[in-house]
1. Taking the options Thr190, Thr143, name whichever one is more than 21 Å from Ala263 (Cα to Cα), out of contact with any Gly (no Cβ under 7 Å at 6 or more places or on another chain) and surrounded by 24 or more Cβ atoms within 10 Å (Cβ to Cβ).
2. Return the only residue of Thr163, Thr181 being modelled with pLDDT of 95 or more, touching an Asp or Glu at 6+ places or on another chain (Cβ under 8 Å) and at negative phi.
3. Return the pairs, sorted by first residue and then second, in which the second residue is surrounded by fewer than 17 Cβ atoms within 10 Å (Cβ to Cβ) and basic (Lys, Arg), the first residue lies in the range 219-234 and is under 12 Å from Val247 (Cβ atoms), the beta carbons are less than 9 Å apart, and the residues are 6+ apart or on different chains.
4. Among the residues of the range 233-257, what is the count of those that are surrounded by fewer than 21 Cβ atoms within 10 Å (Cβ to Cβ) and in contact with a Leu (Cβ under 7 Å, 6 or more places away or on another chain)?
5. Looking at Glu302, Glu321, which one is crowded, with 24+ Cβ neighbours inside 10 Å, among the acidic types (Asp, Glu) and either in contact with a Leu (Cβ under 7 Å, 6 or more places away or on another chain) or within 24 Å of Arg109 (Cβ to Cβ) (or both)?
6. Would you please name the residue that is nearest to the chain's Cα centre (by Cα), looking only at residues in the range 256-277 that are in a helix (DSSP H, G or I) and closer than 19 Å to Thr208 by Cβ?
7. Just name the residue that is nearest to the chain's Cα centre (by Cα) out of those in the range 201-220 that are assigned to a helix (DSSP H, G or I) and closer than 25 Å to Cys75 by Cα.
8. Considering each of Ser105, Ser88 in turn, give the residue that is closer than 26 Å to Lys172 by Cβ and either surrounded by fewer than 21 Cβ atoms within 10 Å (Cβ to Cβ) or under 22 Å from the mean Cα position of the chain (by Cα) (or both).
Amino acid sequence: MDNRNTQKRYTIEALREIKIDAPDEEVRRKVLANWDLVAKPLDGMGRFEKLIAQIGAIHGRPEIDIAKKAVVIFCADNGVVEEGISQSGQEVTLAVAKNMAAKASSVGRMAACIGADTIPVDVGINHREKIDGVLDRKIRCGTRNFRSEPAMTKEETVRSIFTGIEMAAYCKGRGYRMLATGEMGIGNTTTSSAAAAALLDLPALQVTGRGAGLTDEKLRRKCEIIEEALRRYELRGADPVHILETVGGLDIGALAGLCIGGALYRLPVALDGVISMTAALLAERIVPGTKAYLLASHKGKEPATKKLAQALGMSPVIDGELALGEGTGAVMLFSLLDMALAVYRESNTFADIQIENYQRE
């Protein structure tokens, strides 16, 4: 079947039917061989040689072009903030989304430095206001409080995933060659920690951090609420869609969809921090093969990040103790990839300088 036709069928069955083709391994080998021709020590660009080869394999071409890049930032509120697990209220989500629309947020400033675009998307801000410069893909005004009921209905959950898939198609149609994940939503370190604990089958304490700066007491409260939900909804070893439905968020669902969409439309997707990495693991569990199209940008400060990276078989590039979110770490990876590509495309070869190539032994 044509996977792209599934976009308008918001059903779990349509989601399960999606199949991902593997990146082009012949192109990967060709890119790696090209790296060995560049006048430098073998593997001199370290892991960036493999990352560039991964991008080539995803695009299916050894001539790599990621000049047109975008950060897709899904904005949504989370009902669990009613439990006092955040320093801020939901009004902050709306305020930051407006700032993003004006390209004045942290990720907007950083993206502008390297010529990348930012695309904020409202999938669940708890307000009816339409924001100029923010795409309206609202599913509902925030999730429910998962302490008292599932965060979303099954239909809302599946729709959030397909919204992300459709955003990948939207970006592909506008000529973007690479995407990054971004998010904004008060309370989403709680939803991502709950989902990560369920996916990784770990105690909440091992995957839950302080978010924007919780006290010890509030962190304990946050972990207690997550553990309570894991028991209530029987989430240990549960189906990933059920995990997302009960304790996840609209932003996490859309991020998972963007990862799946990147794989469908052969767009490499740079992951940001713990929230997008949780979404990535959900995406891989829902549609196996998705992770081959994803690149991990940074380690982050949240304790789940390292464990999620291990589960995905990834090694984040940047170790800067970043904790800002919004897609800022992924934008940093954009800039590093641009520099690595300059070496790949524009450097002299051994033939140019008339010396013998290094040989692999």
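The values are calculated or read from the model by the stated rules, or taken from the named source; none is laboratory data. The structure presented is a predicted model; accordingly, all values stated were derived computationally and were not measured. Every residue, glycine among them, receives a Cβ derived from its backbone with ideal geometry; neighbour counts consider all protein chains shown.
1. Thr190
2. Being modelled with pLDDT of 95 or more, touching an Asp or Glu at 6+ places or on another chain (Cβ under 8 Å) and at negative phi holds for just one of Thr163, Thr181, which is Thr181.
3. Leu230/Arg236
4. 2
5. Within the list Glu302, Glu321, the selection yields Glu302.
6. Step by step, filter the range 256-277, then rank; the result is Ser276.
7. Among residues in the range 201-220 that are assigned to a helix (DSSP H, G or I) and closer than 25 Å to Cys75 by Cα, the one nearest to the chain's Cα centre (by Cα) is Val207.
8. Checking each option against the conditions leaves just Ser105.
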